[in-house]
1. GNM, the chain, Cα, under 10 Å: largest mean-square fluctuation among ARG58, ARG240, ARG19?
2. Seen from all sides and averaged, what is the projected area of the convex hull of the Cα atoms in the stretch 148-212, in nm²?
3. Above 23 angstrom, tally the Cα pairs of the stretch 163-246 and express them as a % of all pairs, no decimals.
4. Grab the beta carbon distance between LYS49 and ARG2, set R0 = 22 Å, and tell me the FRET efficiency rounded to 0.05.
5. Based on the Cα atoms of the stretch 149-306, what semi-axes does the equivalent ellipsoid have, where each is the square root of 5 times one gyration tensor eigenvalue, given in whole Å with the largest first?
6. With the chain treated as a Gaussian network of Cα nodes joined by springs under 10 Å, which of LEU131, LEU121, LEU268 yields the largest mean-square fluctuation?
7. Sketch the reach of a paramagnetic label on PHE255 as a point 7 Å from Cα along Cα-to-Cβ, and name the residues of the stretch 143-186 whose backbone nitrogen lies under 16 Å away.
8. Projected area of the chain, taken from the Cα convex hull and averaged over every viewing direction, in nm²?
Amino acid sequence: MRVLIPGASGALARQLAQRLSGSGHEVIGIDRRPWPDPPIEFHEVDVRKRAAEDVFRRVRPEVVVHMATVTSLLVTGEERYQINLGGTRAVFEYARAHGVKHCIFVGRHTFYGAGPESPLLHTEDEPPLELYRFPELADLVAADLYAATALWRFPELATSVLRVCYTLGPSGHGTLASYLRGPRVPLVLGFDPLFQFLHEDDVVRAIELTLIHRPSGVFNVAGPQPLPLSTLVHETGRTRIVLPEFVLAGTLGRFGFPQLPTGALGHLKYPIVVDARAFQKRTGYAFRFDELETIAAFKAAFPTPP
């Protein structure tokens, strides 16, 4: 198949592009960020610009895997909103206009939010309930909801919305890896939430199975059993620093602690655990790396700093 990947220069997207290319698919990538010496056809363009639509028009992809969203750790303010929601809107408009058969939106399980009133296990039909606690997630939630509207607005376009749990692995990609990177990892006094995560290779495989089976709908994607945050930190070899919430809020990004938005503190207090049985049933997906193997892969690539 001819597969176009917006956001192709990201760590996970590069792995996906190489996996699909090695499996015989024709893969084309677009991203405003460079990818030096790419092993696929690559266009350094902004997905919101006319040059990106020109790529759609010329290559006529059968499948689009939209991975061109960013978190507040990478981009702040209005620009992030335009990338996430404006870019998602552009991708779906181009897909519909240029004959795409299947569009895969790769989102995040943090869509559901973390809070004291949240359910212990999230299913796909639940709305985002805790957005007011973490406004920096608003644009990612809006992009997810916009992608999901394609299910009824564009019935001729098979649409798969994936809400993928945290990723961890040797690339160091993602929010969880950034949080665990330093020698000392902060926890909120009195809280030890469950964290659900996947090896990055298992995420790539989940997207590949989505491409093969073409399920329409919204799907949670998860892997091995979740672990308490304290256990996760211990297994990576980092030192846990337990602080009252008001103290921790004033130290984020300082004293070697990770840079996090204040709204992210809720995610260090309350769990986001998703029910992924629907995706497993539709695609036959099964994870290959358990939770300890996933942590070990990250730790081998990023040993405990001095």
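1. Fluctuation is largest for ARG58.
2. 6.6 nm²
3. Summing the P(r) tail past 23 Å for the stretch 163-246 gives 31 percent.
4. On the way: r = 21 Å, r/R0 = 0.97.
That gives a FRET efficiency of 0.55.
5. With the √(5λ) rule applied to the stretch 149-306, the semi-axes are 32, 18, 13 Å.
6. LEU121
7. Answer for this model: 182-186.
8. 14.9 nm²
The values are calculated or read from the model by the stated rules, or taken from the named source; none is laboratory data. Source: prediction; values computed, not measured. Using ideal geometry, Cβ is built from the backbone for each residue, glycine included, and neighbour counts are taken over all protein chains shown. Surface areas here come from the heavy atoms of the whole protein model, side chains and all, with no ligands, DNA or RNA. Shrake-Rupley method; radii C 1.70, N 1.55, O 1.52, S 1.80 Å.
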